[in-house]
Every structure is written in C-alpha cells, then in structure tokens.
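The values are calculated or read from the model by the stated rules, or taken from the named source; none is laboratory data. This one's a predicted model, so the numbers in the text were calculated from it and none came from an experiment. Here the Cβ positions follow ideal geometry from the backbone for every residue, glycine too, while neighbour counts run over all protein chains shown. When the accessible area is computed, the model is the full protein with side chains, heavy atoms only, and any ligands, DNA or RNA have been set aside. Shrake-Rupley method; radii C 1.70, N 1.55, O 1.52, S 1.80 Å.
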Amino acid sequence: MATDFSAGKIPPMYREIFEACSSDGDPIHRDIFRDLLACGNLDSATLKVIWDLTGPAQGPITRTNLYKALSLIGWAQEGKVPSTKLFENFSAREYPTPRLRDLACISNAKAQIHAQASLNKLGVSYNDIKQLDTINIDLVPEKKGLILKYSEYLVSSRRFGSKVTRRYNDFFALYELLLARFPYRVVPRLPPKKILVLDSHFLESRRRALQRWLTLVSRHPTICHDSIVSFFLTDLGPDLQYRIRDVFRRVPDEFMTSDLAATAKNLLPNDCSEFANNREQVRTLVQVISRLKQLADADVERSQAYARDSEEMANQLKMLAGINPEQLTSGHWKHMQKGFSSLSQELLSVPSRTNYHASAGQISVCERLGLLLEVLVGHRDLCDRLERGLAHDHQAALAKMLSLKKRRIQGVIRGTDSESVEQLEARMLAQENIISNMELRSDFSLYCVHMETQLVHAYLETLSAIFNNFVCLHTRAHSELADLWKEVRPTVEKYFCIDETEINGANFS
C-alpha cells in the first residue's frame, strides 16, 4: 500500500516518535516497531490488522511505515476500523495524533538491541578489531631539552591519517584521563617511566611498549571513538599534556553519558557465575601467556646472541689470517691463512640472516604475545579495581544507611523531637539515592566487564597466527642456516686438512 502523506499535515509527534525509535535515521528494528504498536493500548486483533497493513513481511520499517501505523492507531482509538480506505478517503487538515503510553519500553528495547549488536560484533573476529586503526610509533633520533634531556616519539594513525610528536608525559596524561573516563573498561598499564640514564635498549623497549599500549587503546571498540583519543592522535599544538588535561578534566565518566546506564541490568547474562569463571580463566591465561612471552623473548635473545657469536668468530678468523709468526712459515700455514680469510668472509652472512629472523620473531611473535598479555592483564586489573573500589563503596553506603535507620528508630523510641527525625529521614532519602545510583553503576560495571571479556576472547584468536608464525620462522631460519653452513663446507675441505677417521668417529656427514 503506497500512502501519500501530502494530503494532510504530519503532526510533530510523528517525527519525535520516529527519532525515538530510529538510530540516526536508520530503518526501525522490527522488535521496536512491535513494542510501539503495543503502546497504543489496542486489542490484539486490531494490532494484528495494523501490523499487517504497515509492517512489511520482509524489508526495513521506514519512516513512512511508522507514520502509517501512527495514523491507523489514532483512527482505531477514535473507533474506526483500520484499513487502507482511511487513507484514500482522508480529507482532514492533519493526521490523527494517537494516545500512547510511556515510551520507556522503546528506550529499553533499543538499548538491548544495541548491546546485543555490540556483543555480536565483538564476537565476530579479531580482524574486525584490527580494522579500527593501525598505530606506528618511531623514536625521534635527537633528544630535546636544554638541561634535562628527554625523548620524543612520532605517532602516526591510519584511521586519522595523522602524524604527531609526543613525549612520554603526553602518554601519561592520556592514560590518567582514560582511567577516569572509562573506569569500567580495559585500560592497559602504561610502561613505567625511567628517570635515570635512558640507554638505547631501554628506549627501544619502551617505544615498542608504547606502540602496543596505544594500539590497544585505538582498537578498543568503545574507547577508540572517544574525543580524548582523537585529540591525542591529531592535535598539533604545543604542551599537549597540559592542554589535554585542561580540555577534558571535567568530562564525566562513561556511566554518566551512556544510554545503557539505566538498563544495563537487563543486558547481563542470566548465569552470574560466568563472571567468576571468566575472572579465574583470565588469571590462568595471564600466567600461561606471560610464561610463553618469556620463552619467546629468550628465543629471540638466543638468536641475537648466536648472531653476535658468529660475527665474533668471523672477526677472530680474520685476525688469524693476518698472523705471520716466524716459526710458522710453512706452506701449510699460509694455505690455512687463506682458508681463515675466506671462511671469515663467508661466516659474515650467518649473523645477518640470524638477526633478520630474530627481528621477524620479535615483531610477529613476541610483540603479538605482548599485545595479548597486556589485554589479559588489563582485564585482571579491571576486575581487581572494581572489587576494591565500587564493591567497597557500595558496602560502605549500605552500612551508612543501616546506621541512619538505627538512629532513626532510636530517636522515635526515645522521643526525639520530630525535626531531628525529619532530618534523619531526609538524610536517609539522600542515602537511598546514593545506593540506587551505586546499584546502577554496579550493573553497568558488570555489563562492561562482560563486554571486555568478549574483547579478550577476540584477542585470544591471535594465538593461531602467533604460533603459525613461530613455527614458520623457525623452519625457515634453520633451513637457511643449514644452507649457509653447507656453502661453507667446500671452503673447509679446500683449505684445511680433514681427518676422515675423526670425522666419521664424530658421526658427521
């Protein structure tokens, strides 16, 4: 049924209801549309007729569908039978305004649908999270500062197409603001500041840690969209650590601005034991991934040490090639010296390839394990923070309410004047509001923890790629090193005497 609404004036209420039911002008979800029809207090048979006339069996529910439904509800409330002829015969100045009960159910339904969509989105794959942004951080070579030297970092964001220069203190200012803005989200730990000598190894280690930290922040499905993050990644002004604090110091926390704050309880899992189970699983994962990270780091360090030793061996062979003692003037020594010289040159390719594979392992295995570990530690810290903070405050508020009630009862029994009792009752009312707010915060925090657990599960998917990289790198590294040593073998056979008996006795081939 095509309806031309130009025949009459659209009541402002129609547009307001569409804004309430729609998300940013998008088509209306069918569950929300069904809840809206129920707000007209009509019998089920009439609602079925209106649904059939305005709710298409397939396809989106548009603004026009909603306006048709509101008109039919209004006419049905006037005692008319809903039908297409009502539109065909319409001649009044304005379409009817239906009487609808409180639309709070619409807000609740939107919140639930939005939350479920967020959960589903988080549960898809790590690749969806990875698409949110790519962060690169490079250390600026020259240090700044007239007296106290400090390092700067060049931070680039693929999402914003930006490049900005930041100091460690700028990162710390962002970290503090994010903790205040998102107290119920995973905000990873910032790498520690070092006041003493900043050697190259420490600076490189901290550069990698800052890149992991900012990557997690920029890929968090909720935090990444906050203006604090975009300000940090795009602002080009000086002294960012002071200006970002000044701009965002009064921004309320997420609970105060979230549309889900009042309805989070409806979004929690039915089985509350899930939270405790997830918490213990995450604690176990922290221990396991931490140990795997240590082993991967040790593997890279061994490769780097092997590269250094190979280079040192080449240098020592080169020195042997230059030694000409008077006692060793035989032709055989001179022949060996040529071998030392050739061998030292050929061995130089070993450290270069070994360092290459160590670097690849650092990036594709160690850094990715580090990223996963920081997500897990962040989740563990979040649970500990909520237990120490919110749960403690809730218990303290309940204890205070109990004390006020006790004092009120004592006042009534002892005949305390009515004004004092009224004052206690006023304080009790205020305390009830505090407790109610805390209970809402508690539900919202549990909802956030549930969402952050989904985030952890998404990052756990990276273990598949990590260990695939680990095995492939080792296979390639050992294969290439074996080929390099095979290429060295002819030089050894040419310049050095080989005792075949000793070789066979050592099981060499």
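Can you go through 175, 184 and tell me which one is outside any strand (DSSP E or B), more than 16 Å from residue 211 (Cβ to Cβ) and open to solvent by 10 Å² or more (accessible area, probe 1.4 Å)?
Numbers: 175 fails: more than 16 Å from residue 211 (Cβ to Cβ).
After ruling out the rest, the residue left standing is 184.
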Note on residue 296: of the conditions (1) closer than 30 Å to residue 455 by Cα; (2) of a type in the set (A, V, I, L, M, F, W, C); (3) surrounded by fewer than 16 Cβ atoms within 10 Å (Cβ to Cβ), unmet is (3)
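Has the stretch 229-247 got any residue that is assigned by the TED database to the domain that holds residue 157, of a type in the set (Val, Ile, Thr) and open to solvent by less than 20 Å² (accessible area, probe 1.4 Å)? Break it down into steps so the answer makes sense when it comes.
Of the residues in the stretch 229-247, the ones assigned by the TED database to the domain that holds residue 157 are 229-247.
From the residues that got through so far, the ones that are of a type in the set (Val, Ile, Thr) too are 229, 234, 244, 247.
Still in the list and also open to solvent by less than 20 Å² (accessible area, probe 1.4 Å): 229, 244.
Scanning the stretch 229-247 turns up at least one residue that is assigned by the TED database to the domain that holds residue 157, of a type in the set (Val, Ile, Thr) and open to solvent by less than 20 Å² (accessible area, probe 1.4 Å).
Looking at the structure I just gave you, is residue 314 small (Gly, Ala, Ser), open to solvent by less than 30 Å² (accessible area, probe 1.4 Å) and assigned by the TED database to the domain that holds residue 380?
On the way: small (Gly, Ala, Ser): yes; open to solvent by less than 30 Å² (accessible area, probe 1.4 Å): yes; assigned by the TED database to the domain that holds residue 380: yes.
Answer is yes for this residue.
How many residues does the stretch 214-247 contain that are aliphatic (A, V, I, L, M) and within 19 Å of residue 185 (Cα to Cα)? Working first, answer last.
Filtering the stretch 214-247 down to residues aliphatic (A, V, I, L, M) leaves 214, 216-217, 223, 228-229, 233, 236, 240, 244, 247.
Of the ones still in play, those that are also within 19 Å of residue 185 (Cα to Cα) are 214, 216-217, 223, 228-229.
Number satisfying all stated conditions: 6.
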Take the residues of the stretch 24-54 that are out of contact with any Lys or Arg (no Cβ under 7 Å at 6 or more places or on another chain) and part of a loop (DSSP other than H, G, I, E, B): which is modelled with the lowest pLDDT? 24
Test residue 452 against the criterion of being assigned by the TED database to the domain that holds residue 376, modelled with pLDDT of 85 or more and under 25 Å from residue 188 (Cα atoms), and give yes or no. yes
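Within the stretch 273-292, is there a residue that is aliphatic (A, V, I, L, M), assigned to a helix (DSSP H, G or I), at pLDDT below 90 and in the same structural domain as residue 462 (by the TED database)?
Going through the stretch 273-292, the residues aliphatic (A, V, I, L, M) turn out to be 276, 282, 285-286, 288-289, 292.
Next, only the ones that are assigned to a helix (DSSP H, G or I) stay: 276, 282, 285-286, 288-289, 292.
This time we only want the ones that are at pLDDT below 90, so: 276.
Subset that is in the same structural domain as residue 462 (by the TED database): none.
So far as the stretch 273-292 goes, no, none of its residues is aliphatic (A, V, I, L, M), assigned to a helix (DSSP H, G or I), at pLDDT below 90 and in the same structural domain as residue 462 (by the TED database).
Specify which of the listed residues (214, 233, 203) is under 16 Å from residue 171 (Cβ atoms), part of a helix (DSSP H, G or I) and modelled with pLDDT under 90. Reasoning before the result, please.
Details: 214 fails: modelled with pLDDT under 90; 233 fails: modelled with pLDDT under 90.
From the options 214, 233, 203, the qualifying one is 203.
If you take the residues of the stretch 248-287 that are within 16 Å of residue 107 (Cα to Cα) and of a type in the set (S, T, N, Q), which of them is surrounded by the fewest Cβ atoms within 10 Å (Cβ to Cβ)? Break it down into steps so the answer makes sense when it comes.
First, pick out the residues of the stretch 248-287 that are within 16 Å of residue 107 (Cα to Cα): 257-267.
In the following step, the residues that additionally are of a type in the set (S, T, N, Q) were identified as 257-258, 263, 266.
Details: 257: 11, 258: 18, 263: 22, 266: 14.
The selected residue is 257.
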Just for the stretch 116-128: of the residues that are closer than 14 Å to residue 453 by Cα and of a type in the set (A, V, I, L, M, F, W, C), which one is modelled with the highest pLDDT? 124
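Test residue 212 against the criterion of being touching a residue at least 60 places away in the same chain (Cβ under 8 Å) and open to solvent by 30 Å² or more (accessible area, probe 1.4 Å), and give yes or no. Can you show your working first?
Values: touching a residue at least 60 places away in the same chain (Cβ under 8 Å): yes; open to solvent by 30 Å² or more (accessible area, probe 1.4 Å): yes.
Criteria met by residue 212.
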Suppose we keep only residues that are open to solvent by 80 Å² or more (accessible area, probe 1.4 Å) and β-branched (Val, Ile, Thr) within the stretch 452-481. Which one would you say is farthest from residue 276 (Cα to Cα)? 475
